[in-house]
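Every number here is computed from the coordinates shown, using simple stated rules; none is lab data. Quick caveat: nothing in here was measured; it's all calculated off a predicted structure. All Cβ positions, even for glycine, are placed from backbone atoms using ideal geometry, and neighbour counts span all protein chains on display.
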Ligand code: PLP
């Protein structure tokens, strides 16, 4: 089939996730056919630097044969077996062991799922079970944050705080949302430091309002990813730690984007010095080459689930799929052997920070922020007032489309432009990325 035929078939048969079908009718889908290193290539041969690592998952880029070979070999040895009903497989044991080596010292158990959304459903099941088994059935409420993203299943989307998503379904009624630490959009006259404290205190206020005895857990991404790479002010996480320290409330860190090195530490929790009870992961655990997610469970929680109350009646057919586990093991081996995370922390992350900050002088950029291998730019019509180009924040979509023309994949969240390039990106490729972003900003202005 040629490109036009493919696009016609696509329109006819595919219901795409997170897509406005009206736009598809006008432009047709982009057909991506190949990828290598940090680049993707479409059916016309147009080569683009992938500034989003796929969907924040191909941290090692697209050419790691060690991972695809590991999957292939496993598929030819034991292509499927489950981990239900007193069964296990060698890859699942080996990956669970490797994960416990790279996670914080208090985390030594994992429950595997097929995706990040499923993992957050699992978190809700584990949280409920944990408190019930300790005769605390009143602990039911889970607090999350406005504009957070935790997946697309009913539980994931209920935990999520993006207003556009919440409008389209009936969220679970035991989830509450508090202030996000998004200083550029919501900080008003406060300094970032003051605003970080303010956002953390909103959690305290909510806990007091609900009654701490009724609150089971607080869930948050270390940095809000899909919400616009919202890097919290430095005061935020230490204050959250203080707030949670006063109450018996579990902390769930959703590491689906920031796990496996994106901040220059193994997990966002390590970067911010937090000690979560549960950590959600997915995406980069297999470098995106095979679906796998899960929740990493602290000893405190695992002990209760394992030692009391009989069977935990929860699981997915693809929990611990052997080929997925082999992909995870191969990915962790590369991250460790090639010291990829150290390079992000010491070399490429600081270099991106320096080059990215230079974009702040552009007339339509209201703020730049970056950390490790993520960055964001706020598009504005007027810098001092931070006014957007229009009420619906359509400049972001225009900028995204122009970036693709310029050979770069950037994502738009409203008028916030975000990047999360592969961790293997070189300093020369950082230069290429920043030059392409500047050209795109010129074209957008
Ligand atoms: N949690 C976070 C923080 C995410 O960014 C995502 C996906 O982007 C999810 C959960 C959901 O993961 P999945 O799409 O694998 O279900």
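Assuming R0 = 22 Å, can you tell me the calculated FRET efficiency for the pair residue 390 and residue 191, based on Cβ-Cβ distance, to the nearest 0.05?
Numbers: r = 29 Å, r/R0 = 1.31.
Efficiency at R0 = 22 Å is approximately 0.15.
In the Gaussian network model of the chain, springs joining C-alpha atoms below 10 Å, which of 169, 18, 111 carries the largest mean-square fluctuation? Checking each option, the largest mean-square fluctuation is seen for 18.
Taking every DSSP beta bridge that has both residues in the chain, what percent is antiparallel when rounded to the nearest 5? Walk me through the numbers on the way to the answer.
Details: 32 of 48 bridges.
Counting only bridges with both partners in the chain, antiparallel ones make up about 65 percent.
So for region 267-339, averaging the separation of alpha carbon pairs under 8 Å that are six or more residues apart and normalising by length, what relative contact order in percent results?
Details: 57 pairs, mean separation 24.1, N = 73.
Reported relative contact order: 33 percent.
Cβ-to-Cβ counts within 10 Å put 81, 271 in ascending order as 81, 271, the fewest first. With R₀ set to 35 Å, the beta-carbon distance separating residue 312 from residue 2 gives a calculated FRET efficiency near 0.10. Our compactness index for region 208-283, the C-alpha radius of gyration over the empirical 2.2 N^0.38 Å, is 1.11. Each residue in 52, 417 was given a count of other beta-carbon atoms within 10 angstrom of its own, and listing them fewest first yields 52, 417.
Stokes-Einstein, applied to the Kirkwood radius of region 175-304 over Cα pairs at a viscosity of 0.890 mPa s and 25 °C, places its translational diffusion at 159 µm² s⁻¹.
Going by how many other beta carbons lie within 10 Å of each one, how would you line up 103, 88, fewest first? If you can, show how the numbers build up before the last one.
On the way: 103 24, 88 13.
Exposure proxy ranking, most exposed first: 88, 103.
Only helices enter the 222 nm calculation for the chain: every DSSP H run of n ≥ 4 contributes -39,500 (n - 2.57), and dividing by all residues gives -12000 deg cm²/dmol, rounded to 500.
Mean sequence separation of contacting Cα pairs (under 8 Å, at least six apart), scaled by the length of the chain, corresponds to a relative contact order of 20 percent. If you take the alpha carbon atoms of region 292-445 and fit the smallest convex hull around them, that volume is 199 Å³ per residue.
Eigenvalues of the alpha-carbon gyration tensor of the chain, scaled by 5 and square-rooted, set the equivalent ellipsoid semi-axes at 33, 29, 21 angstrom, largest first.
Extent of region 248-336 along its three principal axes (Cα atoms, max minus min coordinate, largest first): 39, 33, 17 Å. Of 106, 29, 317, which is the most mobile in a GNM of the chain whose springs link Cα atoms less than 10 angstrom apart? In the Gaussian network model the winner is 29. Taking 387, 217, 282 as the candidate residues, the one with maximal mean-square fluctuation in a Gaussian network model of the chain, Cα springs under 10 Å, is 387.
Cα-based radius of gyration for region 282-323, normalised by 2.2 N^0.38 Å, reads 1.44.
Volume per residue, Å³, of the convex hull around the alpha-carbon atoms of region 23-71?
Details: hull volume 4.9 nm³, N = 49.
In region 23-71, the Cα hull volume divided by residue count equals 100 Å³.
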